[in-house]
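Here is the structure we will look at.
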Amino acid sequence: MNLVPGAIALNNYMINSTIRKLAPHEKQHQAKVKQSTYTRFKEFVLKLIFVVIVLLIPFLIYDHFKPVDSPVQAICLIVILVAAIIITTYITIKAKRFAPLTTQSFEAVEIVKVQSVRAIKRDSFEDFGPSYYFDVIENGRHKVLYLWGQYIDDFEEGTFPNTEFEFTRWSGSDEFIDFKIKGKYFTEERTLPAFEKEIFQKGKFPVNGQLLNLNFDNIE
């Protein structure tokens, strides 16, 4: 859900979004991070080799102490290869699901400026990074800005959540190019437990940078 340009400030709550065309250095950055078909295939093969080795080691140890007949060895190797392909495919799909959309082409960037004095933190699910809900006002209505990702862990201690910040992202994407903290640190009102695994499996979680039509005080 993209933010609509225009902002209303009230009691230190504000969200303002503007869109501009890509600067030359941003076009160069986008070209560098694009992956060719060959690169993706090479990465898949490297992952496959690693998984095969991991699966093969227990079999080789067993065969060392209790030699297995050649026909059985052939069958075991086929099973290991098939299992490795399935596991590698699953890992690749899962990684792609949570990876930035760097293989897409974008013609513009969106700059979002935020002011808020209320935030709720949600603990990280596995190693995907924590998330924050910020109470903001857009077009005279209170809404909730959702931020989530490992980049939050990179902020210096005692700097986030912050009363004022600005992030730049590819227009139409949840991939952030830049994130600047401009205000003062404040403590989140409460911390919620991480999303349950089932929510991630069904994809029922908000997207990084999404503006939600929620009541801030009712977030659970």
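The values are calculated or read from the model by the stated rules, or taken from the named source; none is laboratory data. Keep in mind that this is a model prediction, so the values were computed, not measured. All Cβ positions, glycine included, derive from the backbone under ideal geometry; neighbour counts span all protein chains shown. Each accessible area value is taken on the protein alone, full model and side chains, heavy atoms only, with ligands, DNA and RNA left out. Shrake-Rupley method; radii C 1.70, N 1.55, O 1.52, S 1.80 Å.
Structural remarks
- Counted residues, segment 189-209 - those being over 15 Å from PHE125 (Cα atoms) and either without any contact (Cβ under 8 Å) to a residue 12 or more places away in the chain or crowded, with 17+ Cβ neighbours inside 10 Å (or both): 1
- Among the residues of segment 113-142, the ones that are under 14 Å from GLN210 (Cα atoms), of a type outside the set (Phe, Trp, Tyr) and crowded, with 21+ Cβ neighbours inside 10 Å come to 4 in all.
- Among the conditions (1) assigned to a loop (DSSP other than H, G, I, E, B); (2) surrounded by 11 or more Cβ atoms within 10 Å (Cβ to Cβ), GLU157 misses just one, which is (2).
- Test result for TYR185, within 19 Å of the chain's Cα centre (by Cα) and among the aromatic types (Phe, Trp, Tyr): no
- Look at segment 54-66: where a residue is under 14 Å from VAL79 (Cβ atoms), no partner that is at pLDDT 85 or above and open to solvent by 90 Å² or more (accessible area, probe 1.4 Å) sits 6+ places away or on another chain with Cβ atoms under 8 Å.
- Residue list for segment 159-174, restricted to those being touching a residue at least 60 places away in the same chain (Cβ under 8 Å) and over 20 Å from ARG122 (Cα atoms): ARG169, TRP170, SER171, GLY172, SER173
- Criterion (of a type in the set (Val, Ile, Thr), at pLDDT 90 or above and farther than 17 Å from ARG190 by Cα) met by exactly one of ILE93, ILE120, ILE137: ILE137
- For segment 42-53, a tally of residues being touching a residue at least 24 places away in the same chain (Cβ under 8 Å) and of a type in the set (Val, Ile, Thr) returns 2.
- Hey, LEU81 among the hydrophobic types (A, V, I, L, M, F, W, C), open to solvent by less than 50 Å² (accessible area, probe 1.4 Å) and modelled with pLDDT of 85 or more or not: no
- Close pairs from segment 118-143: first touching a residue at least 24 places away in the same chain (Cβ under 8 Å), partner among the basic types (Lys, Arg) and surrounded by fewer than 18 Cβ atoms within 10 Å (Cβ to Cβ), Cβ under 7 Å, at least 6 apart: ILE120/ARG190
- Here ARG20 qualifies as of a type in the set (Lys, Arg) and either modelled with pLDDT of 85 or more or in contact with a His (Cβ under 9 Å, 6 or more places away or on another chain) (or both).
- With respect to being hydrophobic (A, V, I, L, M, F, W, C), open to solvent by less than 40 Å² (accessible area, probe 1.4 Å) and at pLDDT 90 or above, ILE219 fits the description.
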